[in-house]
Amino acid sequence: MSAQAITVVPTAVPEQLVDRFGRTVRDLRISVTDRCNLRCTYCMPAQGLAWLPGPQLLTVAEIARLARLAVERLGMERIRLTGGEPLLRRDLEQIVAALSTLRTRIGTKPDIGLTTNGLGLDKRAAALRAAGLDRVNISIDALDPQNYAALTRRDRLQDVLRGVAGAQAAGLDPIKVNAVAVPEGLSERAPRLAAECLRRGWQLRFIEHMPLGPRGTWRAGDVVGADKVLTVLRRAGFELAPVGRPDRRPAALWDVAAGRGPDGADYPAGRIGVIASVTAPFCADCDRTRLTADGRLLTCLFSATDTDLRSPMRAGAADEEIMRIWAEATWSKPRAHGADDLQAPSDFTAPARTMSAIGG
């Protein structure tokens, strides 16, 4: 990435989305709803949030149109559907089916992923797979039912595990497990998660707690950084060797040697990742763009501003006009974490929307 921003704003209809620091967008994140059936402590208040009214949500046709422009006109290669909890959209299979008809510039279907809490996935995994879904990321912060209930405010761990089993049976591979690294009980929770994921063939990703939950609940001092997570695992006997980020995805990876878990049962060799958005940001090669459930464009997860694509689309804007709006917003993408200067964790300014209203 160029160390210095280019100042000339593009005005023509673009062939791809490039920002002023030379980063090219390849990955599209689409939130299909802001609603969720869990109340994770790091994400939202116990009573939930004021959900978007149904008419404000992008329709299947609107999602398909924006995704078509992204993939077939602007060169994006990967699509991930997020929420809130995307399984709360009853028409999710229709959305996936529409996306699976798209073709990238090399003539292939875009890689289509889903980030979910897994509730109800066992009942829909086969249909989603048949519609064109390739893989899933499932949020599981703890494997102890009491710990899980404390973190999510719902006693639903067994339902989530049924969802994972359903995804595996449907051939959604690989199964990636996302676990937010909160400090309480980390020394017990992290080794158990790691060992069990290795045994089951799941790819575990620890995620640093980001300032995207209820206002006033995030403190830089509470962030469990990658170094702390790795220290906890090594103290529990895990032999880790760094791999880095070979695919330029958010997770930095470590090879794990076969060993014995804290419960005394053996686990095979595998890999574990850590997404260190706070302590080791990967802004320099970020290739993502995000659409919220109500059609707002965010060029960064921590953007303080957004760009409305839904209104011009509903007002009859041509494809070329929508792409120009998208390109101009992308050009102004900040260098790092919502600002043009790299920031320390204590300097994070939380965006107006929480994670459930942005989409991960």
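The values are calculated or read from the model by the stated rules, or taken from the named source; none is laboratory data. Only a predicted model underlies this, so the values are computations on that prediction, with no experimental measurement involved. Here the Cβ positions follow ideal geometry from the backbone for every residue, glycine too, while neighbour counts run over all protein chains shown.
Things to note:
- Spans of strands (runs of 3 or more DSSP E) in segment 209-328 with at least 1 residues farther than 25 Å from L114 by Cα and at pLDDT 95 or above: 240-244, 252-256
- Filter result for the condition that a residue is in contact with a Ser or Thr (Cβ under 7 Å, 6 or more places away or on another chain) and more than 16 Å from L87 (Cβ to Cβ), over L151, L157, L186: L151
- Some residue of segment 51-72 being surrounded by 18 or more Cβ atoms within 10 Å (Cβ to Cβ) and not hydrophobic (A, V, I, L, M, F, W, C): no
- Residue check for L38: surrounded by 17 or more Cβ atoms within 10 Å (Cβ to Cβ) and farther than 19 Å from L297 by Cα: yes
- Matching residues in segment 278-307 - criterion: being among the hydroxyl-bearing types (S, T, Y) and within 25 Å of G75 (Cβ to Cβ): T289, T292, T299, S303, T305, T307
- Failed item, numbered, when R90 is tested on (1) closer than 21 Å to M313 by Cα; (2) surrounded by fewer than 18 Cβ atoms within 10 Å (Cβ to Cβ): (1)
- Within the span defined as segment 43-50, one or more residues are over 23 Å from R314 (Cα atoms), without any contact (Cβ under 8 Å) to a residue 24 or more places away in the chain and hydrophobic (A, V, I, L, M, F, W, C).
- Segment 329-357 - residue that is of a type in the set (A, V, I, L, M) and over 17 Å from A284 (Cβ atoms) and, of those, modelled with the highest pLDDT: A329
- A284 vs. criteria touching a Lys or Arg at 6+ places or on another chain (Cβ under 6 Å) and under 21 Å from T24 (Cα atoms): no
- Filter result (aliphatic (A, V, I, L, M) and modelled with pLDDT of 95 or more) within segment 46-64: L57, L58, V60, A61, I63, A64
- First in segment 279-297 and touching a residue at least 24 places away in the same chain (Cβ under 8 Å) and closer than 16 Å to L52 by Cβ, second anywhere and assigned to a loop (DSSP other than H, G, I, E, B) and aromatic (F, W, Y), Cβ under 9 Å, 6 or more apart: none
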